[in-house]
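The values are calculated or read from the model by the stated rules, or taken from the named source; none is laboratory data. Predicted model only: the values in this text are computed from it and were never measured. Because the Cβ atoms are built from the backbone with ideal geometry, glycine has one as well, and the counts that use them run over all protein chains shown.
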Amino acid sequence: MNEKHCICEDMRQLLEEQNKLSFEGFRFICEELGFDTIPIILSNGKCQFEAWGWTKRGDFFTTSVFRLESLDERNCCASLSLLEPVDIDGFPVDLCDDLFALRRTNNCIIVDLTCFCTLQPLSPKLVDRLLPIIDPKG
């Protein structure tokens, strides 16, 4: 693999670590840690890659945070699912504004990884993080 496509190697390593997090591929260990996603942001060096999708509620959202679902190393392509950034109240937000959690969605895209030169991983603890229960004051 040439230097131009080193992001493919990074994505392969990310997928391996993500599988280890979810205990995928283990025969004797089957504990649930609650983490099976390493959220990532992809960039072409000048700007972050963004995609748009629809929530289960039918709302439109844009995101620059994804989960690597599968990798085609031969063609340097990846299947990514879209993660919806939400605030502490569960409302969609821009990544820079009051991010509290990343909500999984059923939206997937396939991307040519040769278009990107960097990836930035985020904390797995952000994915499907439970929103706090706020008792109303009475």
Those residues that are small (Gly, Ala, Ser), modelled with pLDDT under 85 and either more than 16 Å from the chain's Cα centre (by Cα) or under 20 Å from ASP72 (Cβ atoms) (or both), I need them from region 1-57; list them, please.
GLY25
Tell me, please, whether a residue that is in contact with a strand residue (DSSP E or B) (Cβ under 9 Å, 6 or more places away or on another chain), assigned to a strand (DSSP E or B) and of a type in the set (Lys, Arg) can be found in region 113-130.
no
Looking at (1) farther than 16 Å from MET11 by Cβ; (2) among the small types (Gly, Ala, Ser); (3) without any contact (Cβ under 8 Å) to a residue 60 or more places away in the chain, which is the one condition that is false for SER81?
(1)
Output the residue which, of all residues in region 82-130 that are at pLDDT below 95 and touching a Gly at 6+ places or on another chain (Cβ under 6 Å), is surrounded by the most Cβ atoms within 10 Å (Cβ to Cβ).
THR105
Can you work out which of the residues in region 40-81 that are of a type in the set (Asp, Glu) and not in a strand (DSSP E or B) is surrounded by the most Cβ atoms within 10 Å (Cβ to Cβ)?
GLU73
